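The values are calculated or read from the model by the stated rules, or taken from the named source; none is laboratory data. Everything numeric in this text was worked out from a predicted model, so none of it was measured. Glycine gets a Cβ as well: all are built from the backbone with ideal geometry, and neighbour counts include every protein chain shown.
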């Protein structure tokens, strides 16, 4: 049974990472469902194509900018990402998330749905042979070290949070449903469409089923 955390009024949400491929689908689906959507983008050029959303321009690591974007919002979806970084330390995800948590508390916004990925936290080692033995250690080790810091900040925030860990993303059409798991026994990899990730994430804005939990989602 689902528990609504808001009334029937369409939520007012802020989407971070809205200019990425998954973020754009989140915005598109949210607009189609009648949500009032604000997006944070580095520039007007990057925000092109996010029709129906209100853009706020600035850096997601800047608390002042975040507070401006959060005004009047009910919830935040973070779809922030970062490129593979085999050699250089990654800090952008944790830095932005720390600033976001502080800004949300200052503006009285309590619901945070944050996308990380398979390989974060206790989902490490469940990505399958290729991901776990080659891709993760060679390309993503530093990215996931920062995703782990990001998750820790969210868990310690005191907010109403959901951490969403998709398996390997693809661009196929939505299948209309996902498997959401916290018991990862026997899970060794998997794939899911960005469209289905977007759909799942949007449901968490108004549903307490996964409140303060970290489901892995896959087909």
- Note on the structure: Taking the range 182-202 and keeping residues surrounded by fewer than 18 Cβ atoms within 10 Å (Cβ to Cβ) and either at pLDDT below 95 or part of a strand (DSSP E or B) (or both) leaves 191
- Query: From the set of residues in the range 120-136 that are without any contact (Cβ under 8 Å) to a residue 40 or more places away in the chain and under 19 Å from residue 94 (Cα atoms), which is surrounded by the fewest Cβ atoms within 10 Å (Cβ to Cβ)?
  - Reply: 124
- Task: Residues being within 27 Å of residue 64 (Cβ to Cβ) and part of a helix (DSSP H, G or I): count how many of those fall in the range 107-144.
- Result: 2
- Message: Of everything in the range 29-64, what is at positive phi and surrounded by 15 or more Cβ atoms within 10 Å (Cβ to Cβ)? Give them in sequence order.
- Response: 58
- Query: In the set 47, 30, 60, which member is closer than 22 Å to residue 199 by Cα, in a loop (DSSP other than H, G, I, E, B) and modelled with pLDDT of 95 or more?
  - Reply: 47
- Item | Which numbered condition residue 154 fails, given (1) surrounded by fewer than 21 Cβ atoms within 10 Å (Cβ to Cβ); (2) in a helix (DSSP H, G or I); (3) in contact with a helix residue (DSSP H, G or I) (Cβ under 9 Å, 6 or more places away or on another chain); (4) in contact (Cβ under 8 Å) with a residue 40 or more places away in the chain | (1)
- Message: For the range 37-68, give me the residue count where each residue is out of contact with any helix residue (DSSP H, G or I) (no Cβ under 8 Å at 6 or more places or on another chain) and within 25 Å of residue 166 (Cβ to Cβ).
- Response: 4
- Task: Please give the number of the condition residue 157 fails out of (1) within 15 Å of residue 215 (Cα to Cα); (2) under 16 Å from the mean Cα position of the chain (by Cα).
- Result: (1)
- Message: Take the conditions under 26 Å from residue 138 (Cβ atoms) and crowded, with 17+ Cβ neighbours inside 10 Å and apply them to residue 84. Does it pass?
- Response: no
- Mind counting the residues in the range 58-73 that are under 18 Å from the mean Cα position of the chain (by Cα) and in contact (Cβ under 8 Å) with a residue 60 or more places away in the chain? 1
- Apart from one, (1) surrounded by 15 or more Cβ atoms within 10 Å (Cβ to Cβ); (2) more than 14 Å from residue 20 (Cβ to Cβ) all hold for residue 71; the odd one out is (1)
